[in-house]
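The values are calculated or read from the model by the stated rules, or taken from the named source; none is laboratory data. Keep in mind that what you see is a predicted model, and the values were worked out from it rather than measured. Please note: Cβ atoms are built from the backbone with ideal geometry, for glycine as well, and neighbour counts cover all protein chains shown. Just the protein is used for accessible areas: all its heavy atoms, side chains included, with ligands, DNA and RNA removed. Shrake-Rupley method; radii C 1.70, N 1.55, O 1.52, S 1.80 Å.
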Amino acid sequence: MSADRTLTRREKQQRTRRSLLEAASEMFCRHGLDGASIDEVAQAAGYTKGAFYANFKSKEELFLVMLDERFSEELERLDRALAGTHEAQEEAIAAATDFIHFATDEEWQRLAFQFLAYAARNEAFRQELATRQRAMRERMAKIFERWHRGFGTEPALPIEDITAMTFFMADGFLAGRVIEPDLPDELYTAMVGVFLRGLQALSDEQQQS
């Protein structure tokens, strides 16, 4: 009996969906969202166009699912890294180091900028992307808030602002990395360290006033 016959319908659908996502990642990196057709994505995955539409309404929906999965992975890693079991700045630097290793694989960098380039041309997609980014920051803010409570400290700025600064600081570094691939990971972790020391100095100033 073949392996296919032992799979449930749900398992088969999940495998098809995963194959389509993997094929789309490769095709989008190579040709861009505009340049890769649904037929090409389905063919690269070994399925029909009908199989694609059984799982996704459009290329845009598939694209956003890829983003959702990546954001979820990053949040899980961040939550583990900021466990509150070590000194605060040490944990934050370790989390930044872990993030930059995770986020700067070549395929993801190319995909991330396909997201941005397409959003600049498609208003509906831009709004969907903005919604997901805001949701990502809200979940990050909850992690940061839990982490601060664990150390019994009050943040120098609203958690939402710290989260947004952290988020866009990473975006800026990743953008620079696409243009200058030899930028070292250490530059990003040093930047995070300077940011944290600035927040600590602001917190000390607020306590003294």
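Quick notes
- Each residue, Thr97 and Thr8, gets one label point 7 Å from its Cα in the Cβ direction; the gap between the two is 4.2 nm.
- Over the range 114-209, the Kirkwood radius and the radius of gyration, each from Cα atoms, give a ratio Rg/Rh of 1.05.
- Heavy-atom accessible surface of the chain: percent carbon and sulfur, 1.4 Å: 51 percent
- Helical content alone sets the calculated 222 nm signal of the chain at -28000 deg cm²/dmol, taking -39,500 (n - 2.57) per DSSP H segment of four or more residues and averaging over every residue.
- Simple Cβ-charge dipole of the chain, Lys/Arg +1 and Asp/Glu -1, about Cα centre, in debye nearest 20: 1140 debye
- Our note on the geometry: Cα centres of the range 45-61 and the range 78-136, 26 Å apart.
- Relative contact order, percent, the chain [alpha-carbon distance under 8 Å, six or more residues apart]: 20 percent
- Structure-derived mean projected area of the Cα convex hull in nm²: which label, when the choices are (i) 14.7; (ii) 10.1; (iii) 15.9: (i)
- Positive-end residue of Ala44, Thr6, Ser72, charge dipole of the range 1-89 with Cβ unit charges: Thr6
- Taking θ as phi - 60° and the Karplus parameters 6.51, -1.76 and 1.60, the scalar couplings of the range 95-109 work out to 5, 5, 5, 4, 4, 5, 5, 6, 8, 9, 5, 4, 5, 5, 4 Hz in sequence order, x denoting glycine and proline.
- Integer Hz, Karplus 6.51/-1.76/1.60 couplings in order for the range 85-93, x for Gly and Pro: 9, 10, 4, 4, 5, 4, 5, 5, 5
- Per residue, the chain exposes 59 Å² of solvent-accessible protein surface, assessed with a 1.4 angstrom probe and all protein chains in place.
- Partners for Lys142 among aspartates and glutamates (Cα-Cα distance below 15 Å; same-chain residues under 8 apart left out): Glu74, Glu76, Asp79, Glu154, Glu160, Asp161
- Each Cα pair under 8 Å and six or more residues apart adds its separation to the average, and for the range 1-89 the resulting relative contact order is 22 percent.
- Accessible area, probe 1.4 Å, largest first, for residues Ser25, Ser58, Ser209: Ser209, Ser58, Ser25
- Dipole check for the range 108-190: with +1 at the C-beta of Lys and Arg, -1 at the C-beta of Asp and Glu, and the Cα centre as origin, the magnitude is about 380 Debye.
- Karplus (6.51, -1.76, 1.60) ³J(HN,Hα), θ = phi - 60°, over the range 125-135, in Hz, Gly and Pro reported as x: 5, 4, 5, 5, 5, 4, 4, 5, 5, 5, 5
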